Each structure stands twice: as C-alpha cells, then as structure tokens.
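Note sheet for the following structure.
Computed from the coordinates by the stated procedures, all read-outs in this text should not be read as laboratory data. Values in this document were obtained by computation on a predicted structure and should not be read as measured data. Glycine also receives a Cβ, built like all others from the backbone with ideal geometry; neighbour counts cover every protein chain displayed.
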Amino acid sequence: MVAEKTSQQPEEAGRGPDDPMLWPFAAAKLAMDACFWWLERSPTEQGESELPWTTSGTVALELATMRLRDCAPTRSGQPALICAPYALHRALIADFAPGHSVVQSLQQGGIDRVYLTDWRSATPEMRHLSIDSYLSDLNVAVDEIGAPVDLVGLCQGGWLSLLYAARFPAKVRRLVLVGAPVDLSVESRLAQLARNAPEMVYDQLVARGGGNVSGEEMLHVWSKVPGPDDIAAALQRDLSDEEGAALLARFDRWNSETLNLPGTYYLQIVNWIFRENRIASGHFTALGRAIDLRDVKAPVFMLAGLDDNVVPAAQAFATGKLLGTPPAFVAARSEPSDHLGLFMGARTHAHAWPRIAEWLRNDLSGVLARSA
C-alpha cells in the first residue's frame, strides 16, 4: 500500500492545475452562488483545435463520438490504444509536447503501433449520447485496429477502458490505468463534490446547455486560471527559459480549448459512477450486459500520483482488488506527481512511462508459471 501525502484543505485545493480535471463537479462547489450567472449567459460551441499534435499521425476513423488517431509508423507489432479522458479538455493531454507526451513516451519505449481517442466536443445533435454510445464507438475503434489491443486509460478514460475490458475481455490483452477513478467508496474530492451537490444542480446544468454541458462555461465557473507555478508543477519543469515560455503559452491555449459533454452521458457519470459507485459495486450495465469486474483477467498496470488530490493513490490502487486478474499480474507504481503530472509531467515521462512501455513489451508467461 502506498502512503498518500496529506491533501490540501478544500478551499486551497481548488486553486491548482488539477482543478480543470474536476470538470462538471466544480458545479457542486459553486452551483448555488452561480445560479443567476448561468441564466445570463448564452451557450457557446467550440470549433476544432488549432494546436498542432506533437506526434505525427492520421485520422484512421471518423465516428460520432471521436476521431481515431493513428500515430503508428508501422502496421506490425502489438497495438496500444490510448483512451483519453473525455472530460473538460481535448485529447492533446496525451500528446502535449516533446517530453510531455504519452504517445511519444510509448513509442520511444518500443511500442510502435499507438492509437488515440480524440473525443469530439458535443453538438446539440449529440446531447442524447450515453456511456453506451462511447463504449460502442470504442468497440468499433478496437475492431478497426484489430483485437486484442493494449488499452491505456487516462483518468476518466480509465473507467471507460475498464468497462470495455469487462464487457469485451477477449479484445483486451493488457490494461493500463493512470489516475483512474473507479471505486468511489475510497474518499476523494471528486466523490465528495458529486455527492454533496443536490441532484437538481446537475439537471439544471444540462438544461442550461440545451441538453449538453458547456465546457467553456464550466471553465469560467471553476476557480481561477492556473498560474505559472501551477503549470510548472503539472509539467514538472522550470518554465523560465525560452522553451518554458513556449510550453506555458501552449498550456494556456490547451486549457482554454474545452469540450462540451452530452447531457445524457454527463448525468450517467455523475449519478451512476460518482454518486452510486455502480462500477465498483457490481451494479453497472454496459451495452445490455451486467458488468462484473472479475471478468477482467488481463494483466493490469496502475499508475498513481502521490500528490494527486483528484484521484488519490489509495483510490487508484483500490481497483486492483476488484478484478479477476491474478495478483501476480497486477502491477502498481506511484510517482511524486499531481493529477495532470501523470499525463504531462517531465519526470513522470522520464521514469514511469518507460516502465509502462517495458511492461507492455515484456513476456509475462514466466510470471504466470510461477504463480500457478
């Protein structure tokens, strides 16, 4: 068990770069004070990002929920599909900059065939899309790539990847969960915010957005813009030089390019996952079938941040006890990192991600023989 550092007090914890990852649950903190502010604003729609990707690639598939990015220079080798968080920000979180890119780190670690879910911002026509809609398109993407794949789930993409692995166990060879909230019985700010807000708050957010939740408005409602020190902590490097200034400007731009969420999808996450803890308790139904996490028997690697007050290490590691994966095939690593640093931090990419790539490449048959 990893000892977690003491988190900040609630008022102070809403000030760092982790806060955007709290996305809609920010409303639980400020909902009543912001009530009339919401009524005075009009919905906005986001266009496509103008920020370039760090890793070259093509769009392999255009689906209702995503563009499947193909970053693979070759068609040979075991494919890895990065399931980016579909929350407040774009999938560039997984390919932010050289030395700060999950795609790049996996490729440098010998994983040639890397794909990425580039989730679309919800349009009015997408307002009724559900978690099943995203699982269904994820399944199409896996079939397009060629099963079985290695799934790498980041934050919210972690529980989606886990649901997929439980629903289609034969299609997932290995599973990586990075800062992934699954068992919300283990206390965290996400769980507290979701439970403490009246249910009507979430319904009003969806109604206010015409059936969607506006990422831009949520960003404005939630606390202050992260400052240079906050961003330096997330990127885990000094930003005082010329390269650092460019990274700072890029982060500011990425932070401002938000995604809208379909109202149905959003309310299911709030109620089913964060308020009712259905995934961990065994009461979640995905694509018509009850989900039992014991059906996940694939090897699993869990990465957690010791300074992560969004998904504490204790919560991230609690998932391992819910799976059918033999204990010898459950790997866990912690890093001195906040939440965003798990995906963007230079130290994390120098130390943890090479180990994940090595774990994905390794032959684990010897471990199986020893555990039999």
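Sorted into 20 angstrom bins from 0, the C-alpha pair distances of segment 10-363 split as 32, 62, 5 percent. For Ile82, nonlocal amide neighbours, meaning residues 5 or more places apart or on other chains whose placed amide H falls under 5 Å from its own, are Tyr115, Leu116, Thr117, Val152.
For segment 111-136, the residues whose amide N sits under 13 Å from a probe point set 7 Å from the Cα of Gln268 along the beta carbon direction are 127-136.
Would you order Asp229, Asp95 from fewest to most other beta-carbon atoms within 10 Å of each residue's own beta-carbon? Working shown, then result.
Values: Asp229 11, Asp95 28.
With the fewest neighbours first, Asp229, Asp95 line up as Asp229, Asp95.
The residues Tyr86, Tyr202, when put in order of fewest to most other Cβ atoms within 10 Å, stand as Tyr202, Tyr86. Counted residue by residue at 0.36 nm each, then reduced by the alpha carbon distance between them, the extension gain from Ala207 to Leu306 reaches 31.9 nm.
Phi angles of segment 190-200 translate, via the Karplus equation with coefficients 6.51, -1.76, 1.60 and θ = phi - 60°, into HN-Hα couplings of 4, 5, 4, 5, 5, 6, 7, 7, x, 4, 5 Hz per residue; Gly and Pro are given as x. Of the trypsin sites (Lys or Arg not before Pro) found in segment 56-148, those in coil by DSSP whose Cβ has at most 11 other Cβ atoms within 10 Å are Arg75. For segment 10-363, relative contact order (Cα pairs under 8 Å, six or more residues apart, normalised by length) works out to 24 percent. Mean separation of Cα pairs under 8 Å and 6 or more residues apart, divided by the residue count, gives segment 258-372 a relative contact order of 21 percent.
Couplings for segment 110-118, taken from phi via the Karplus curve 6.51 cos²θ - 1.76 cosθ + 1.60 with θ = phi - 60°, read x, 9, 6, 8, 10, 10, 9, 7, 9 Hz in order; Gly and Pro are left as x. Here's the picture: charge each Lys and Arg Cβ at +1 and each Asp and Glu Cβ at -1 in segment 293-372, and of Gly341, Trp359, Phe317 the one pushed furthest to the positive end of that dipole is Trp359. Applying 1/(1 + (r/R0)^6) with R0 = 41 Å to the Cβ-Cβ distance of Lys297 and Asp241 gives a FRET efficiency near 0.30. Label point of Ser130 set 7 angstrom out along Cα-Cβ; within segment 251-295, amide nitrogens under 15 Å from it belong to 262-273, 284-291. Taking the number of Cβ atoms within 10 Å of each Cβ as an exposure proxy, the fewest-first ranking of Trp254, Trp119 is Trp254, Trp119. Each of Leu259, Leu177, His220 was scored by the projection of its Cα onto the charge dipole of segment 170-307, and the greatest displacement toward the positive side belongs to Leu177; charges sit on the C-beta of Lys, Arg, Asp and Glu.
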